[in-house]
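Asker: Structure incoming, see below.
A short reminder: the numbers here are calculations on the coordinates, not readings from a lab. Computed from a prediction, not measured in an experiment: that's the story for all the values here. With ideal geometry, Cβ positions are generated from the backbone for all residues, glycine too; neighbour counts draw on all protein chains shown.
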Amino acid sequence: MEEKFRTGYGRDWLDFAVTLVGRYTEVSQDLVDTPGQLRAWLTEWGLAPAGPVGEDDVAGAQRLRDALHGLAKAAAFGEAPTPGDVRVVDASLLDDLPVGLRRRGTSVVASRPGTTRQALARLARQAADDLTGPDPVRLRACGDDECSGIFLDPTGRRRWCSDERCGVKARVRAHRARARQSRGDAG
Ligand SMILES: [Zn+2]
């Protein structure tokens with residue numbers, strides 16, 4: 001069962017929050033479970049640190065990832081965030097450094113994070129910016145009950161994190177449930 005990194009949630013930190021696939025089920029799969037996987041994710045999202053990625057970075061990343069998911073879920077459902085999740089993200093913000101500018105070709109890019117913790121702190125910063133202030137972003141949980149994806153929903157009309165994966169799956173399940181019910185009604 002080869003799972004790929006998921007994207008399309010509208011923000012890097014929300015993409016990161018779904019690196020634990022199957023969070024709500026009994027068979028979850030952690031896509032950033034090794035230093036190599038974590039580096040691959042950070043690299044793909046333009047956050048590759050200049051320094052190494054170690055085992056303790058993986059533990060810290062997973063802790064932050066779960067806290068980010070907790071905050072996103074609370075915001076999506078209009079519930080109070082748990083103090084533990086707030087603490088973890090707050091602690092990560094201490095590693096956040098001002099982003100420098102570098103020239104690349106004809107444009108400028110953000111300077112590379114020095115350490116893995118600094119790379120992760122950029123995700124924490126993005127979450128903090130999104131969730132606070134006078135106009136916090138609108139988040140919504142995927143309509144598939146088994147999917148833990150939370151995405152940006154500025155229009156209020158999006159139902160699935162991925163129509164091909166979650167939309168189709170939910171429609172198939174609904175269809176089966178209806179079929180079961182009508183069989184039950186008949187017999
Ligand atoms: Zn989904």
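Asker: Using 7 Å Cα-to-Cβ label points, what is the A76/K4 separation (nm, one decimal)?
Answerer: 2.1 nm
Asker: Semi-axes of the equivalent ellipsoid of the range 29-175: what are they in whole Å, largest first, if each equals the square root of 5 times a C-alpha gyration tensor eigenvalue? Intermediate values should be presented prior to the final figure.
Answerer: Values: eigenvalues 160, 67, 61 Å².
Output for the range 29-175: semi-axes of 28, 18, 17 Å.
Asker: Continuing with this model, one more query. Restrict the search to the range 1-72; then list the GluC sites (Glu not before Pro) that DSSP places in a loop and that have at most 13 other Cβ atoms within 10 Å of their Cβ.
Answerer: E2, E3, E26
Asker: Full extension from A59 to L97: what is 0.36 nm times the residue separation minus their Cα-Cα distance, to one decimal in nm? Show your work: numbers first, answer last.
Answerer: Working: separation 38, 0.36 × 38 = 13.68 nm, distance 2.09 nm.
11.6 nm is the gain from fully extending A59 to L97.
Asker: Once label points are set 7 Å from the Cα along Cα→Cβ at both R112 and R157, what is their separation, rounded to one decimal in nm?
Answerer: 4.2 nm
Asker: Could you check the simple spin-label distance between D90 and R104, using points 7 Å along Cα→Cβ, in nm with one decimal?
Answerer: With each label point 7 Å from Cα toward Cβ, the separation is 3.4 nm.
Asker: Given 0.36 nm per residue, what is the gain on full extension from A40 to T25 after removing their alpha carbon distance, in nm? Can you show the working numbers first?
Answerer: Numbers: separation 15, 0.36 × 15 = 5.40 nm, distance 2.50 nm.
Result: 2.9 nm gained on full extension.
Asker: Continuing with the same structure: Please give me the summed charge of the neighbours of V27: other residues whose Cβ is under 13 Å from its Cβ, Lys and Arg +1, Asp and Glu -1.
Answerer: On the way: positive: R23; negative: E3, E26, D30, E146.
In short, -3.
Asker: Something else: Do any trypsin sites (Lys or Arg not before Pro) in the range 1-110 lie in a loop, going by DSSP, with at most 13 other beta-carbon atoms within 10 Å of their beta carbon, and if so which? Provide the component values of the computation, followed by the final result.
Answerer: Values: sites: K4, R6, R11, R23, R39, R63, R65, K73, R87, R102, R103, R104; in loops: K4, R6, R11, R23.
Those satisfying the criteria are K4.
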